[in-house]
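Peer 1: Please see the structure below; I have some questions.
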Amino acid sequence: MLGTGCPLANEVMVACIQPLKPGEEKYSFTAMIPLNAKGVTLLSRKSFEYAAVSKFDNPLSIDFDENDCVLCFDDVKVPWERVFVHNDIHMASAQWHAIPTHVYQNYQCQIRFAVKMKFLLGLTRKIAETNGIIAFPPVKETLGQLAAEVSIVDGLIEAMEVSGSMHGEYFVPSKQRLYAASVFSQQLYPKFINSIRELSGGGLIMLPSEESDFANPDLARYITRTQKSPVTDAYGRVKMFKLAWDAIGSEFGSRHLQYEMFYAGANMVTRGHAFRTYDWESAASLVDKFMSSYDSKTKAKNS
Ligand SMILES: Cc1cc2nc3c(=O)[nH]c(=O)nc-3n(C[C@H](O)[C@H](O)[C@H](O)COP(=O)(O)OP(=O)(O)OC[C@H]3O[C@@H](n4cnc5c(N)ncnc54)[C@H](O)[C@@H]3O)c2cc1C
């Protein structure tokens with residue numbers, strides 16, 4: 001439905017990831033298609049990079065907007081050597097799950113996610129210091145909670161690697177741990193962003209409109225008098241809060257929230273993967289083993 005990064009790419013893989021049932025063969029189609037093929041149209045959303053004012057004002061949007069678009073195909077000729085799945089619902093699913101495609105794809109997503117979360121955690125600590133609230137016990141508690149959650153994200157990556165297995169000559173991270181991480185990270189991100197907003201207060205908003213305001217002596221005087229911090233000067237405070245807003249509140253930051261919640265499918269989809277791949281037999285066998293260790297006295301008497 002959306003092609004993230006397509007405006008920057010040479011080719012796109014068009015495929016169906018949803019499970020298909022008999023009768024839906026026509027949707028089982030996978031091909032690699034050059035984005036400049038005749039008949040391909042890219043309908044991009046608004047460019048946040050284009051709308052960015054400067055590096056100082058929008059430090060993330062200006063460089064890291066990967067953009068998303070809707071792709072339209074109007075009588076596009078696809079040579080057969082570029083078609084991998086056609087009218088075959090079994091292959092449509094097997095290309096993701098019979099080989100470790102889906103695991104590899106999502107494993108690198110979790111590594112990306114872990115780095116992003118560490119960055120956000122560092123930013124949150126800086127916000128608390130800049131705001132002068134870091135010494136309050138409830139603030140430390142919130143930071144401790146966020147730090148624990150970032151450690152869990154790191155720990156899940158380590159767990160995927162430790163409990164992975166070989167697929168032929170390739171090492172594949174553990175599916176179970178991977179899908180646990182997908183479910184957890186989708187739920188974590190909105191909560192995490194909310195905690196950052198709580199610690200930030202209005203500082204995210206009470207910012208000069210543009211970096212050029214500092215160049216105007218009259219405005220700079222007011223900015224210096226209103227942007228106070230125990231750890232930095234007015235310029236440092238504005239710089240930090242502009243970065244924070246771009247990370248969590250701007251159109252760019254807000255798109256990231258939607259991305260983390262949906263890029264791997266809605267949460268019900270990732271929970272479905274966790275359900276499908278969990279080792280239920282080993283969990284149920286613990287219960288069976290325990291239940292077989294006792295019986296009611298009545299049953300013992302009757303048997
Ligand atoms: C920023 C961003 C970038 C993306 N990039 C890509 C990309 O590069 N490539 C790509 O292929 N896709 C991409 N996607 C699309 C993404 O895969 C889908 O958004 C995702 O699969 C969810 O599908 P949907 O948006 O149609 O939501 P829906 O399936 O319509 O879900 C919307 C809500 O309805 C709920 N819901 C839906 N059906 C049911 C039901 N039966 N019972 C109960 N609740 C239900 C869901 O849980 C969810 O909360 C991107 C999405 C975003 C937001």
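Peer 1: Can you find, within region 182-222, the residue that is nearest to residue 142 (Cα to Cα) among those that are of a type in the set (S, T, N, Q) and either at pLDDT below 95 or assigned to a loop (DSSP other than H, G, I, E, B) (or both)? Walk me through it before giving the result.
Peer 2: Of all residues in region 182-222, those of a type in the set (S, T, N, Q) come to 182, 185-187, 194-195, 200, 209, 212, 216.
Now restrict to residues that are either at pLDDT below 95 or assigned to a loop (DSSP other than H, G, I, E, B) (or both): 209, 216.
Working: 209: 30, 216: 38 Å.
Top of the filtered list is 209.
Peer 1: Moving to a separate point now. Taking the stated definitions as given, is residue 265 on the phi > 0 side of the Ramachandran plot and not assigned by TED's automatic domain parsing to the domain that holds residue 69?
Peer 2: Numbers: on the phi > 0 side of the Ramachandran plot: yes; not assigned by TED's automatic domain parsing to the domain that holds residue 69: yes.
Considered against the rule, which asks whether it is on the phi > 0 side of the Ramachandran plot and not assigned by TED's automatic domain parsing to the domain that holds residue 69, residue 265 comes out as yes.
Peer 1: Working only within region 157-181, note down all residues that are among the hydrophobic types (A, V, I, L, M, F, W, C), farther than 14 Å from residue 109 by Cα and in a helix (DSSP H, G or I). Spell out the reasoning first.
Peer 2: Going through region 157-181, the residues among the hydrophobic types (A, V, I, L, M, F, W, C) turn out to be 157, 159-160, 162, 166, 171-172, 178, 180-181.
Next, from what is left, pick out any that are farther than 14 Å from residue 109 by Cα: 159, 162, 166, 171-172.
159, 162 - these are the residues of region 157-181 that are among the hydrophobic types (A, V, I, L, M, F, W, C), farther than 14 Å from residue 109 by Cα and in a helix (DSSP H, G or I).
Peer 1: Assess whether residue 248 counts as being within 30 Å of residue 141 (Cα to Cα), touching a helix residue (DSSP H, G or I) at 6+ places or on another chain (Cβ under 7 Å) and within 16 Å of the ligand (Cβ to nearest atom). Show your work before the answer.
Peer 2: Values: within 30 Å of residue 141 (Cα to Cα): yes; touching a helix residue (DSSP H, G or I) at 6+ places or on another chain (Cβ under 7 Å): yes; within 16 Å of the ligand (Cβ to nearest atom): yes.
Considered against the rule, which asks whether it is within 30 Å of residue 141 (Cα to Cα), touching a helix residue (DSSP H, G or I) at 6+ places or on another chain (Cβ under 7 Å) and within 16 Å of the ligand (Cβ to nearest atom), residue 248 comes out as yes.
Peer 1: Continuing with this model, one more query. List the residue pairs whose Cβ atoms are under 8 Å apart, where the first residue sits in region 1-29 and is in the same structural domain as residue 67 (by TED's automatic domain parsing) and β-branched (Val, Ile, Thr), the second is near the ligand (Cβ under 8 Å from one of its atoms) and part of a loop (DSSP other than H, G, I, E, B), and the two are 6 or more positions apart or on different chains.
Peer 2: Matching pairs, first to second residue: 4/263; 17/265.
Peer 1: Quick check on my filter: what residues within region 56-77 are over 18 Å from residue 6 (Cα atoms), surrounded by 13 or more Cβ atoms within 10 Å (Cβ to Cβ) and not aromatic (Phe, Trp, Tyr)? I'd like the intermediate steps shown before the answer.
Peer 2: Filtering region 56-77 down to residues over 18 Å from residue 6 (Cα atoms) leaves 56-60, 75, 77.
When the remaining residues are screened for being surrounded by 13 or more Cβ atoms within 10 Å (Cβ to Cβ), the result is 56-60.
Hits for region 56-77 are 57, 58, 59, 60.
Peer 1: Considering each residue of region 279-303, count those that are more than 30 Å from residue 174 (Cα to Cα) and assigned to a loop (DSSP other than H, G, I, E, B), and give that number.
Peer 2: The qualifying residues number 6.
Peer 1: Hey, can you tell me all the residues within region 268-278 that are within 16 Å of the ligand (Cβ to nearest atom) and either surrounded by 10 or more Cβ atoms within 10 Å (Cβ to Cβ) or outside any helix (DSSP H, G or I) (or both)?
Peer 2: Within region 268-278, 269, 270, 271, 272, 273, 274, 275 qualify.
Peer 1: Taking residue 59, is it out of contact with any strand residue (DSSP E or B) (no Cβ under 6 Å at 6 or more places or on another chain), more than 16 Å from the ligand (Cβ to nearest atom), modelled with pLDDT of 95 or more and outside the structural domain of residue 253 (by TED's automatic domain parsing)? Reasoning before the result, please.
Peer 2: On the way: out of contact with any strand residue (DSSP E or B) (no Cβ under 6 Å at 6 or more places or on another chain): yes; more than 16 Å from the ligand (Cβ to nearest atom): yes; modelled with pLDDT of 95 or more: yes; outside the structural domain of residue 253 (by TED's automatic domain parsing): yes.
Considered against the rule, which asks whether it is out of contact with any strand residue (DSSP E or B) (no Cβ under 6 Å at 6 or more places or on another chain), more than 16 Å from the ligand (Cβ to nearest atom), modelled with pLDDT of 95 or more and outside the structural domain of residue 253 (by TED's automatic domain parsing), residue 59 comes out as yes.
Peer 1: Before we move on, is residue 125 assigned by TED's automatic domain parsing to the domain that holds residue 267, free of Cβ contacts under 8 Å to residues at least 24 places away in the same chain, part of a helix (DSSP H, G or I) and closer than 22 Å to residue 262 by Cα? Step through it out loud before you land on a result.
Peer 2: Numbers: assigned by TED's automatic domain parsing to the domain that holds residue 267: yes; free of Cβ contacts under 8 Å to residues at least 24 places away in the same chain: yes; part of a helix (DSSP H, G or I): yes; closer than 22 Å to residue 262 by Cα: no.
When the stated conditions are applied, residue 125 does not pass them.
Peer 1: Consider only pairs whose beta carbons are under 6 Å apart and that are at least six residues apart or on different chains; among these, list those whose first residue lies in region 267-279 and is within 18 Å of residue 100 (Cα to Cα) and whose second residue is aliphatic (A, V, I, L, M).
Peer 2: 270/183; 270/264; 274/183
Peer 1: Could you check region 16-47 and list, in sequence order, the residues that are more than 16 Å from the ligand (Cβ to nearest atom), surrounded by 13 or more Cβ atoms within 10 Å (Cβ to Cβ) and among the charged types (D, E, K, R)? Can you show your working first?
Peer 2: So in region 16-47, the residues more than 16 Å from the ligand (Cβ to nearest atom) come out as 22-26, 34, 36-39, 41.
Pick out the ones that are also surrounded by 13 or more Cβ atoms within 10 Å (Cβ to Cβ) and you get 24-25, 34, 37.
Once the filter is applied, which keeps residues that are more than 16 Å from the ligand (Cβ to nearest atom), surrounded by 13 or more Cβ atoms within 10 Å (Cβ to Cβ) and among the charged types (D, E, K, R), region 16-47 yields 24, 25.
Peer 1: Based on what the data block shows, is residue 292 hydroxyl-bearing (Ser, Thr, Tyr), more than 9 Å from the ligand (Cβ to nearest atom), loosely packed, with under 15 Cβ neighbours inside 10 Å and modelled with pLDDT under 95?
Peer 2: In short, no.
Peer 1: Just to be sure before I move on: is residue 219 among the aliphatic types (A, V, I, L, M) and touching a residue at least 24 places away in the same chain (Cβ under 8 Å) in the structure I sent? Outline the logic, then answer.
Peer 2: Values: among the aliphatic types (A, V, I, L, M): yes; touching a residue at least 24 places away in the same chain (Cβ under 8 Å): no.
Judged against the criteria, residue 219 is not a match.
Peer 1: So for region 280-287 (the condition being away from the ligand (no atom under 16 Å from the Cβ) and in contact (Cβ under 8 Å) with a residue 40 or more places away in the chain), does at least one residue qualify? Break it down stepwise before answering.
Peer 2: Going residue by residue through region 280-287, those that are away from the ligand (no atom under 16 Å from the Cβ) are 280-287.
Next, from what is left, pick out any that are in contact (Cβ under 8 Å) with a residue 40 or more places away in the chain: none.
No - not one qualifying residue is present in region 280-287.
The values are calculated or read from the model by the stated rules, or taken from the named source; none is laboratory data. Since we're looking at a predicted model, the values are computed, not measured. Don't worry about glycine lacking a Cβ; one is built from the backbone with ideal geometry, like all the others, and counts go over all protein chains shown.
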